[in-house]
Structures are given as C-alpha cells and as structure tokens.
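Chemist: Got a structure here, written out as structure tokens. Questions coming.
The values are calculated or read from the model by the stated rules, or taken from the named source; none is laboratory data. Given the structure is predicted, the values throughout are model-derived calculations rather than measurements. Reconstructed Cβ throughout: ideal geometry from the backbone, glycine too, with neighbour counts over all protein chains shown.
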Amino acid sequence: MIYRYRPQQRGREIRYLPLVPLELHHAKRHLRVRALLDSGAEHTIFSQQIAEVLGIEGFKGRRVTLQGIGGTLPGTY
C-alpha cells in the first residue's frame with residue numbers, strides 16, 4: 001500500500017506525515033481517528049483517552065520506555 005504524506009501544522013512548522021484514517025472498535029463503541037503510520041514499529045500505541053472513549057479497561061499500570069529516532073518517551077500499559 002502507498003500512503004501520501006499529508007501536511008500537518010505543528011506550531012509554526014509544517015510537517016509531512018503518513019496519516020491513515022482508521023475506525024477503532026471495542027464492544028459496541030467505535031471511534032474514527034487518523035493514525036500516524038510507522039511501518040517499522042513493533043507495537044501499536046494509542047492514548048489513554050482513546051482507551052477511555054472505547055471503554056477499554058485493564059491497563060496494569062506497568063511503566064515502559066518507548067524509544068524512537070527522536071528520543072525516548074515514558075508510557076504505561
């Protein structure tokens with residue numbers, strides 16, 4: 001599949017990102033989002049807010065460090 005990089009305003013800067021429209025489903029809830037496509041990622045990551053909207057529970061609160069080209073970021077699962 002080929003996805004066009006779309007311009008996104010980040011403050012004063014414009015970045016071109018591969019954003020893909022998705023529809024997430026859990027139980028009887030659904031949510032439409034645009035997701036950043038990372039073909040080299042080993043995991044799918046979404047925010048706590050998305051989990052709450054979809055009614056996903058059961059996060060263990062285990063802390064992890066996410067690492068990428070730009071550095072590291074704390075996370076929980």
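Chemist: Just give me the residues in the stretch 18-77 being in a strand (DSSP E or B), modelled with pLDDT of 80 or more and polar (S, T, N, Q), in sequence order.
Modeler: Across the stretch 18-77, the qualifying residues are T65, Q67, T72.
Chemist: Within the stretch 8-22, can you find the residues that are among the charged types (D, E, K, R) and within 25 Å of T44 (Cβ to Cβ)?
Modeler: Answer for the stretch 8-22, where residues must be among the charged types (D, E, K, R) and within 25 Å of T44 (Cβ to Cβ): R10, R15.
Chemist: Are any residues in the stretch 1-55 under 23 Å from P74 (Cα atoms) and among the charged types (D, E, K, R), and if so, which ones?
Modeler: R10, R34, D38, E42, E52
Chemist: Give the stretch 18-40 a look and list any residue that's under 14 Å from the mean Cα position of the chain (by Cα) and surrounded by 11 or more Cβ atoms within 10 Å (Cβ to Cβ), or say none.
Modeler: P18, L19, V20, L22, L24, L31, V33, R34, A35, L36, L37, D38
Chemist: Give G55, G61, G75, G70 a once-over and let me know the one that is of a type outside the set (F, W, Y), more than 14 Å from the chain's Cα centre (by Cα) and surrounded by 10 or more Cβ atoms within 10 Å (Cβ to Cβ).
Modeler: When all the criteria are applied, what remains is G55.
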